[in-house]
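The values are calculated or read from the model by the stated rules, or taken from the named source; none is laboratory data. Remember, predicted model here, so these are calculated numbers, not experimental data. Neighbour counts run over all protein chains shown; Cβ positions are idealised from the backbone, glycine included. Surface accessibility is based on the protein's heavy atoms, side chains included, excluding ligands, DNA and RNA. Shrake-Rupley method; radii C 1.70, N 1.55, O 1.52, S 1.80 Å.
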Amino acid sequence: MPDDSLRSRAWNDNPQARYWWHDLPGNDYIPPIYSDLAETEWITLCEWYDETDRNGPIGECAVPLISLLHGLVMGNRASRIVQLGTCAGYSALLLGWMLRRMNAAHGLFSLDLNPAMCEMSRRWITRAGLENFVEIAEGNSLDAQSPIAAKKYLGGDPELIIVDSSHEYQATLEELDLWYAALAPGALLVLHDVSRFAAEFDVTQQGGVGRAFAEWRKAHPGMESFCLNGDARTMELPRPFYKDACGVGLIHKPL
Ligand SMILES: C[S@@+](CC[C@H](N)C(=O)[O-])C[C@H]1O[C@@H](n2cnc3c(N)ncnc32)[C@H](O)[C@@H]1O
């Protein structure tokens, strides 16, 4: 049984790379993404960490991005969310618990092309009691049918789209075209891994999400967009204000 008074502070000295945020100087506090969880939710998350520590996969975003998403969702009652790239289900669980607190059923459509990832994350969504709030869909984010399926599940155009999938340059360009068109007017698209450091995640070695985001912004000069940590090249200290060296990009669709 995890120590509920410590919660994520118990990870402060954990040497595994996925816990890097908890080891940063001064981060000896519990961020609201974890302190806001009910005790049963926290226990489920600890069990999820135990299983994925043992067997993987480890591919989830970290505290800076999920906290940013948490703020956007809770502060605006975002109730039509799409995530491209589910992996083992970390963000799907944390967003799902937020949606449950907000009583926003059918609020997250989370897509992954890997059947094993879908099976695993679906199992955790069921264990967390979130079946009415999160759909784990198996499919390719580049498929023109995917935005149609998302809209059908959410009951309208997405208000928030989180892109965290292949990290390949060409695929990300295609995702931007397809999913920007699906976004509701006034809504937001968030891209994980836009930094120079994260360009390494592109298995095609063509510059990754960062290059795609930069070119897409250039091709759409009227667009409101923003990039945090695009120049970050390393996970080493000292870190800039936004602590995730993978960086984040935001695109706001005008009304
Ligand atoms: C970095 S992980 C996602 C982590 C997740 N967003 C989180 O924070 O918990 C990337 C996932 O994207 C999936 N993926 C890669 N290319 C994809 C595509 N074209 N369509 C759908 N999923 C894709 C992979 O199978 C992998 O599980």
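Could you please state how large a percent of the accessible area of region 2-91 is carbon and sulfur, counting protein chains only and using a 1.4 Å probe?
Looking at region 2-91 in its full context, I get 48 percent from C and S.
Compute the length gained on full extension between residue 3 and residue 149: take 0.36 nm times their separation in residues and subtract their Cα-Cα distance, giving the result in nm to one decimal.
Difference between extended and current length: 48.5 nm.
In whole Å, how far is the Cα centre of region 142-171 from that of region 209-255?
19
In the full protein assembly as shown, how much of residue 21 is accessible to a 1.4 Å probe, in Å² to the nearest 10?
Spelled out: residue 21, probe radius 1.4 Å, area about 20 Å².
Report, to the nearest whole %, how much of the accessible area of region 182-255 belongs to carbon and sulfur atoms, 1.4 Å probe, protein only. Provide the component values of the computation, followed by the final result.
Working: 2350 of 3870 Å².
C and S fraction of accessible area: 61 percent.
Can you give the accessible area per residue of the chain, in Å², using a 1.4 Å probe?
45
Starting with the highest mean, order 147-159, 226-238 by the number of other Cβ atoms within 10 Å, averaged over the residues of each peptide.
147-159, 226-238
Testing the spin-label approximation: label points 7 Å from Cα along Cα→Cβ at residue 23 and residue 252. State their distance in nm.
Label-label distance for residue 23 and residue 252, simple model: 3.7 nm.
For residue 61, tell me the accessible area in Å² from a 1.4 Å probe, rounded to the nearest 10.
10
Write down the percent of antiparallel bridges among all DSSP beta bridges whose residues are both part of region 60-252, to the nearest 5.
Of those bridges, close to 35 percent are antiparallel.
Does the chain come out rounded, prolate or oblate by the C-alpha gyration tensor, with a ≥ b ≥ c the root eigenvalues, rounded set by a/c under 1.5 and, if not, prolate when a/b is larger than b/c and oblate if not?
On the way: a/c = 1.58, a/b = 1.17, b/c = 1.34.
In terms of gyration-tensor shape, oblate.
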